[in-house]
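All remarks here apply to the structure that follows.
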Amino acid sequence: MKTNILIIITLALFAGKLSAQTQIIAHRGFWNIEGSAENSISSLQNAQRERFFGSEVDVHVTLDGVVVANHDDDIQGLVIIEHTFAQLQGVRLQNGESIPTLESHLKLLPDNPDTKLIIEIKPKREQAQEDRVVAAVLKLVEQMNMEKYVEYISFSKYICQELKRLSPSSIVLYLASTPAAALTPQELKEIGLDGLDYHFRLIAANPHWIKESKESGLITNVWTVNNEETMKEMLALEVDFITTDYPLLLRRLINER
């Protein structure tokens, strides 16, 4: 009987250790591989195949309301918000794919529940434009019943707060890259966000934010960590997530620990 109890305790401790382990998010999907491209459908499929925790994707809304995946506001000289989806159909990604929609990404999620889609909504120059993209993204996710498969991030505090206001159960992290833009864990808690998603230099300069976040029940993520030494530094801080263009390297370092 005592032996069984010891086994149960050991397994519970082991499971707790695994759950506390830093998880991997593929930056713009796992694109850094032959035949893929940033924010492409194949980059999501590659991340799903490797069963990374998350595959990040950047989104914008076209003139006619279609949510598409692309890092910048424009693609090959075409400003996304000023063109219809049909007008963007001639655009090809580096791997030959046409510009993908968020809908096409979402369709792949139920069959691969181990990998969440981390949706980054880019800030806009006008609040009305931010309202438009938030509404379009949430409507699509809700219509497809994909809420449990996605999380959200943004450099816009307003976008983050709107996401939480309109979808309180969603996980929303605030992005920052400079001291001027960064919010402390206490400030994030006060405005109702779920955590921070900061450039690794911000965390290196403020390592106490990781401890403070954990004590406040906030999630911690750092980006874009591509250097092996920096990966080790962030792993030593026990951040919850690391976003990287080199997820296989990060996995090796995690396994070595």
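Where helices (runs of 4 or more DSSP H) fall entirely within segment 1-110, those with at least 1 residues that are under 30 Å from LYS214 (Cα atoms) and modelled with pLDDT under 95 are at 2-20.
Of the residues making up segment 125-137, just one is modelled with pLDDT of 95 or more and part of a loop (DSSP other than H, G, I, E, B), namely GLU126. Here PRO113 passes the criteria (1) in a loop (DSSP other than H, G, I, E, B); (2) in contact with a helix residue (DSSP H, G or I) (Cβ under 6 Å, 6 or more places away or on another chain) except the one numbered (2). Taken over segment 236-247, residues that are in contact (Cβ under 8 Å) with a residue 60 or more places away in the chain and either hydroxyl-bearing (Ser, Thr, Tyr) or more than 18 Å from ILE118 (Cβ to Cβ) (or both) amount to 4. If only residues of segment 221-257 that are among the charged types (D, E, K, R) and part of a helix (DSSP H, G or I) are counted, the one that is nearest to the chain's Cα centre (by Cα) is ARG251. Inspection of segment 194-215 finds no residue satisfying the criterion of being part of a loop (DSSP other than H, G, I, E, B) and of a type in the set (A, V, I, L, M, F, W, C). Restricting segment 129-148 to residues that are basic (Lys, Arg) and within 18 Å of THR62 (Cβ to Cβ) leaves a set whose member that is nearest to the chain's Cα centre (by Cα) is LYS139.
Restricting the search to segment 109-129, which residues are buried (at least 17 other Cβ atoms within 10 Å of the Cβ) and within 16 Å of HIS71 (Cα to Cα)? The answer is LEU117, ILE118, ILE119, GLU120, ILE121, LYS122, LYS124.
So which residues in segment 53-85 are among the aliphatic types (A, V, I, L, M), within 16 Å of PRO123 (Cα to Cα) and either touching a residue at least 40 places away in the same chain (Cβ under 8 Å) or surrounded by 14 or more Cβ atoms within 10 Å (Cβ to Cβ) (or both)? Give the derivation first.
Here is the first cut: in segment 53-85, the ones among the aliphatic types (A, V, I, L, M) are 57, 59, 61, 63, 66-69, 75, 78-81.
Among the residues that remain, those that are also within 16 Å of PRO123 (Cα to Cα) are: 57, 59, 61, 67-69, 79-81.
Selection gives VAL57, VAL59, VAL61, VAL67, VAL68, ALA69, ILE80, ILE81.
The condition of being assigned by TED's automatic domain parsing to the domain that holds VAL137 and farther than 29 Å from GLU34 by Cβ holds for only one of LYS189, LYS164, LYS211, that being LYS164. In segment 190-202, is there at least one residue being touching a residue at least 40 places away in the same chain (Cβ under 8 Å), touching a helix residue (DSSP H, G or I) at 6+ places or on another chain (Cβ under 9 Å) and hydrophobic (A, V, I, L, M, F, W, C)? No, that holds for no residue.
Just one of the listed residues (ASN95, ASN39) is under 24 Å from LEU175 (Cβ atoms) and either exposed (fewer than 15 other Cβ atoms within 10 Å of the Cβ) or of a type outside the set (A, V, I, L, M, F, W, C) (or both), namely ASN39. Picking from residues in segment 149-180 that are outside any strand (DSSP E or B) and among the charged types (D, E, K, R), the one that is farthest from the chain's Cα centre (by Cα) is ARG165.
If a residue has to be closer than 17 Å to ALA20 by Cα and either touching a helix residue (DSSP H, G or I) at 6+ places or on another chain (Cβ under 9 Å) or without any contact (Cβ under 8 Å) to a residue 60 or more places away in the chain (or both) to count, how many in segment 210-235 make the cut? Quick ask: steps written out before the conclusion?
If we filter segment 210-235 for residues that are closer than 17 Å to ALA20 by Cα, which is where we start, we get 210-222, 231-235.
If we keep only those that are either touching a helix residue (DSSP H, G or I) at 6+ places or on another chain (Cβ under 9 Å) or without any contact (Cβ under 8 Å) to a residue 60 or more places away in the chain (or both) too, we end up with 210-220, 222, 231-235.
Result for segment 210-235: 17.
The values are calculated or read from the model by the stated rules, or taken from the named source; none is laboratory data. Worth saying up front: this structure is predicted, and the values here are computed from it rather than measured. Glycine gets a Cβ as well: all are built from the backbone with ideal geometry, and neighbour counts include every protein chain shown.
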